[in-house]
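The values are calculated or read from the model by the stated rules, or taken from the named source; none is laboratory data. Just so it is clear, the structure is predicted and the values come from calculations on it, not from any experiment. Here the Cβ positions follow ideal geometry from the backbone for every residue, glycine too, while neighbour counts run over all protein chains shown. Just so you know, the surface numbers come from the protein's heavy atoms only, side chains and all, with ligands and any DNA or RNA stripped out. Shrake-Rupley method; radii C 1.70, N 1.55, O 1.52, S 1.80 Å.
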Amino acid sequence: MTERNTTRAGMAWQKAVEAEHAQSDRIREELVSDDFWRPVAHRFVPPKRGESAPDNTAEKLAELVSQDETVLDVGAGGGRLTIPLAETCAHVTAVEPSEAMREQLIATTEAWGIKNVSILATTWEEAQVEPHDLVVCAHVVYTVTAIEQFIRQLNEHARKAVALISFERPATATYLSLWPSVHGEERIQLPTLPQIEDLLTDLSINFERINLGEWLPRPFRDREQALAECQARLFVASGSDKSEKLSEVLDDSLVEVEGGLRLKWAEPHRPVIISWTV
Ligand SMILES: C[S@@+](CC[C@H](N)C(=O)[O-])C[C@H]1O[C@@H](n2cnc3c(N)ncnc32)[C@H](O)[C@@H]1O
């Protein structure tokens, strides 16, 4: 059973996440993949060694940790931040429950020749791990129901500081406009930055806010990839009636840009680091 949140902001958070999850469960046509992240896991890797990242998140996080310190990256994904951080500190422990994400993370660790990363294949709620100097948690909390316990656990595992990274608008905002045409209803939105700030205030955590540079996610490589990613994001099964409808909507919604295709209304992400010392 999900542990209840007790603060005003925590209860509001839980209500929002449960409403979003209930809508997902009602809408989901079938399990498109046994791992939700599989169709999009390739987006959560760092650039190739020597190439610069589209955003400065890793660079700013590196300023919060020194060479002899350790980092715990909770919900590490494909290592977008894990790998560059490993280059600037003593060791990074990546907690990552998705197999598809871990496969990306392992492949990138090998490609970069990185030796100081260890991976825990589990959720944060289930993780058994020692405290680290800096705890990083980037774009993970949006879907967490028992958010207060999740944050407390981040705190308990930090010797020095916690850094939460969130977008100003929901990470999935780009896909929201597709919902009414495909599902006939608006998408219920998850909590994001304002709700994180409310929650930390209710938990009496004094945080600092570091605004990061805005960045546009990589375009879809081609139409096939666009359809696969949009199907996954909208819980639409390949070959279904809704998939046909989605495909028609994409005909009018994708525009050609350098490197591939983009939804024409896509806006840059505006990420923020919310950090506090413990
Ligand atoms: C949007 S991705 C972000 C990945 C990475 N932190 C980044 O910024 O590129 C969210 C990640 O959080 C992981 N995740 C979701 N719920 C989690 C939980 N309860 N505990 C740990 N990781 C979780 C997912 O598997 C996914 O890899």
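All but one of (1) within 12 Å of the ligand (Cβ to nearest atom); (2) open to solvent by less than 10 Å² (accessible area, probe 1.4 Å) hold for His139; which doesn't?
Failed condition: (2).
Considering only the stretch 142-159, how many residues are open to solvent by 50 Å² or more (accessible area, probe 1.4 Å) and among the acidic types (Asp, Glu)? Break it down stepwise before answering.
The initial filter retains those residues of the stretch 142-159 that are open to solvent by 50 Å² or more (accessible area, probe 1.4 Å), namely 143, 149, 152, 156, 159.
Those still in the list that are among the acidic types (Asp, Glu) too: 156.
The qualifying residues number 1.
Kindly list the number of the only condition in (1) in contact (Cβ under 8 Å) with a residue 60 or more places away in the chain; (2) away from the ligand (no atom under 13 Å from the Cβ) that fails for Gly50.
Only one criterion is unmet by Gly50, namely (1).
Sort through Thr70, Thr123 and tell me the only one that's in contact with a Cys (Cβ under 9 Å, 6 or more places away or on another chain) and not hydrophobic (A, V, I, L, M, F, W, C).
Details: Thr123 fails: in contact with a Cys (Cβ under 9 Å, 6 or more places away or on another chain).
Testing whether each residue is in contact with a Cys (Cβ under 9 Å, 6 or more places away or on another chain) and not hydrophobic (A, V, I, L, M, F, W, C) leaves just Thr70.
Quick check, is Asp55 under 23 Å from Val129 (Cβ atoms), modelled with pLDDT under 95, within 11 Å of the ligand (Cβ to nearest atom) and open to solvent by less than 40 Å² (accessible area, probe 1.4 Å)? Explain how you work it out, then say what you get.
On the way: under 23 Å from Val129 (Cβ atoms): no; modelled with pLDDT under 95: yes; within 11 Å of the ligand (Cβ to nearest atom): yes; open to solvent by less than 40 Å² (accessible area, probe 1.4 Å): yes.
No; evaluated as a whole, the condition is false for this residue.
Kindly provide the set of residues from the stretch 99-136 that are under 16 Å from the mean Cα position of the chain (by Cα), surrounded by fewer than 19 Cβ atoms within 10 Å (Cβ to Cβ), outside any helix (DSSP H, G or I) and more than 9 Å from the ligand (Cβ to nearest atom), ordered by number.
Selection gives nothing.
Condition first: part of a loop (DSSP other than H, G, I, E, B) and buried (at least 21 other Cβ atoms within 10 Å of the Cβ). Can you find one or more residues in the stretch 170-180 that meet it? Step through it out loud before you land on a result.
Residues of the stretch 170-180 that are part of a loop (DSSP other than H, G, I, E, B), as a first pass: 170-172, 177.
Filter once more, keeping what is buried (at least 21 other Cβ atoms within 10 Å of the Cβ): none.
The answer is no, given that none of the residues of the stretch 170-180 is part of a loop (DSSP other than H, G, I, E, B) and buried (at least 21 other Cβ atoms within 10 Å of the Cβ).
On the basis of being open to solvent by less than 70 Å² (accessible area, probe 1.4 Å), in a helix (DSSP H, G or I) and modelled with pLDDT under 95, does Val40 make the cut?
The answer is yes for Val40.
Conditions (1) farther than 24 Å from Ser52 by Cα; (2) at pLDDT 95 or above, marked per residue:
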| residue | (1), (2) |
| --- | --- |
| Thr88 | no, yes |
| Ser98 | yes, yes |
| Glu103 | no, yes |
| Thr123 | yes, yes |
| Ser177 | yes, no |
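What are the pairs with Cβ atoms under 6 angstrom where one residue, in the stretch 167-179, is small (Gly, Ala, Ser) and the other, located anywhere, is buried (at least 17 other Cβ atoms within 10 Å of the Cβ)? Sequence gap at least six, or different chains.
From residues that are small (Gly, Ala, Ser), the pairs are Ala171/His139.
Under 8 Å by Cβ, and 6 or more places apart or on different chains, what pairs join a residue from the stretch 135-156 that is in contact (Cβ under 8 Å) with a residue 12 or more places away in the chain and closer than 11 Å to Leu199 by Cβ with one that is assigned to a strand (DSSP E or B) and more than 9 Å from the ligand (Cβ to nearest atom)?
Val141/Leu164; Val141/Ser166
Take the stretch 25-37 and flag every residue that is within 14 Å of the ligand (Cβ to nearest atom) and either assigned to a helix (DSSP H, G or I) or aromatic (Phe, Trp, Tyr) (or both). Can you show your working first?
We begin by selecting, within the stretch 25-37, every residue within 14 Å of the ligand (Cβ to nearest atom); these are 33-37.
The answer is Phe36, Trp37.
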